[in-house]
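No value in this document is a laboratory result; all are computed from the given coordinates. Please read these numbers as outputs of a predicted model, since none were measured by experiment. When we count neighbours, we look across all protein chains shown, and the Cβ atoms used for this are built from the backbone with ideal geometry, even at glycine.
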Amino acid sequence: MIKKAVIPAAGFGTRFLPATKAQPKEMLPIIDTPTIQYVVQECVDSGIEDILIISGKGKRSIEDHFDRNFELEARLQERSEESLYTQLRHIEDMANIHYIRQKELNGLGDAIYHARFHCGNEPFAVLLGDVVIDSVIPVTQQLIDAYDQYHQTIIAVETVPMEKVNRYGIVAGSRLNDRMMQLTDIVEKPAPDKAPSNRAVAGRYILTPEIFDAIAKTNRGKGNEIQLTDALRRILKHNGIIAAAIEGKRYDLGDKLDFLKTTVEFALKRKEFAVPFEAFLRETIQKLDDQKPL
Ligand code: G1P
């Protein structure tokens, strides 16, 4: 049974400056919903309601977002804005969210290490906030199912173009079935000519408590940070790790162009925007084709 999830959210968000100078990158919205809300929703849809957010300096608006706002609720009720009121109450009641602050930014491994007392001796899910996955079965649920089968650490993976391997943790392993691999290697952001494959760690994990010891023994790696990937490589030697290919569409929010593409796709999926937004896109493309000014 996986009952707890950890969402690291302490990073500076330098890839989104200047927007992230005074607000957390996790609060940047895809249309009208902060990215961290999609991630919390994935936990809830996977049956996890105990969530630890690894927070840090300048991240208080994340707490406010999941907290009650009585004044705003009262105002919405006065104005009979029932649908917005219900939406707000849903966000506030989604899950039991705990926070711990990572005081120094020493990397993803160090962020996860902050969860050791909260998670204790239980396996737990980790969801990185710069990935949103649209799928029939939530990806965290897919990983929980794999954990129930193998009782080993589970990492979600996805094939990426070879020129992008230096943006991800990259795995190698031996095939177990159509979706699963027993891991033999994992490296953080290798150069394309050094990558053991083009299967990338996709930002969702089920970790077992051994990870905490492994992190404690892990030296600084890529970017002079304590990398979760390096701690996982340590575990690999003693305990097994399974890589599970995700079933769903992964939206990378790691850089501005990817964020923009995600916003466009999500807008096309939203009932109220789909038709006028598609018309706008077609018109824009037509102008580009005709080489008219936009
Ligand atoms: C982190 C992990 C990397 C993983 C990626 C997925 O990197 O270190 O292994 O592939 O998330 O999004 P980051 O994007 O935080 O640099």
The range 1-90: which chymotrypsin sites (Phe, Trp or Tyr not before Pro) are DSSP loop and have at most 15 other beta-carbon atoms within 10 angstrom? 12
Roughly what angle does helix 35-45 make with the longest principal axis of the chain, taking Cα atoms, 0 to 90 degrees, to the nearest 10? 70
Evaluate 2.2 N^0.38 Å with N set to the residue count of the range 102-143, then give the Cα radius of gyration divided by it. 1.42
Computed on Cα atoms, the radius of gyration and Dmax of the range 1-81 in angstrom are 14.6, 44
Positive-end residue of 173, 70, 136, charge dipole of the chain with Cβ unit charges: 173
With a Förster distance of 51 angstrom and the Cβ-Cβ distance between residue 136 and residue 79, calculated FRET efficiency to the nearest 0.05 equals 0.90
If the viscosity is 1.002 mPa s and the temperature 20 °C, what Stokes-Einstein diffusion coefficient in µm²/s follows for the chain when Rh is the Kirkwood radius over Cα pairs? 105
List the relative contact order of the range 201-294 as a percent without decimals, with contacts defined as Cα pairs under 8 Å and 6+ residues apart. 12
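Would you work out if the range 212-253 is rounded, prolate or oblate? Take a ≥ b ≥ c from the square roots of the eigenvalues of the alpha-carbon gyration tensor; rounded if a/c is under 1.5, else prolate when a/b is larger than b/c, oblate otherwise.
oblate
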Exposed trypsin sites (Lys or Arg not before Pro) absent - longest run of the chain, DSSP non-H/G/I/E/B, at most 16 other C-beta within 10 Å: 104-178
Over 30 Å (Cα to Cα) - which of 25/269; 3/164; 25/249; 59/271; 21/189; 3/261 fall in this group: 3/164; 59/271; 3/261
Say we join alpha carbon atoms closer than 10 Å with springs in a Gaussian network model of the chain; which of 156, 111, 191 then has the biggest fluctuation? 191
Percent of alpha carbon pairs in the range 30-164 separated by more than 28 Å? 27
All Cα pairs of the range 86-209, percent lying beyond 22 Å: 46
Looking at the range 47-101, what % of the alpha carbon pairs are farther apart than 17 Å? 44
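Can you give me the Kirkwood hydrodynamic radius for the range 70-114, using every pair of distinct Cα atoms, in Å to one decimal?
Values: mean 1/r = 0.0752 Å⁻¹.
It works out to 13.3 Å.
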Could you calculate the contour length gain from residue 63 to residue 92, that is, 0.36 nm times the residue separation minus the distance between their Cα atoms, to one decimal place in nm? 9.4 nm
Determine the sum of side-chain charges near residue 106: Lys and Arg each +1, Asp and Glu each -1, restricted to other residues whose C-beta is under 10 angstrom from that of residue 106. -1
Cα-projected label distance for residue 292 with residue 224, points at 7 Å along beta-carbon direction, nm: 5.3
Alpha-carbon Rg/Rh ratio, for the range 136-279, with Rh computed the Kirkwood way: 1.03
Take the eigenvalues of the Cα gyration tensor for the range 253-294, scale each by 5, and report the square roots as semi-axes in whole Å, largest first. 21, 16, 5
Just want to confirm a number: the relative contact order over the chain, from Cα pairs under 8 angstrom separated by 6+ residues, in percent. 21
List the aspartates and glutamates whose Cα sits under 18 Å from the Cα of residue 292, skipping any in the same chain fewer than 8 residues away. 283
Given the options 278, 104, 265, which has the most mean-square fluctuation in a GNM of the chain, springs set between C-alpha atoms less than 10 angstrom apart? 278
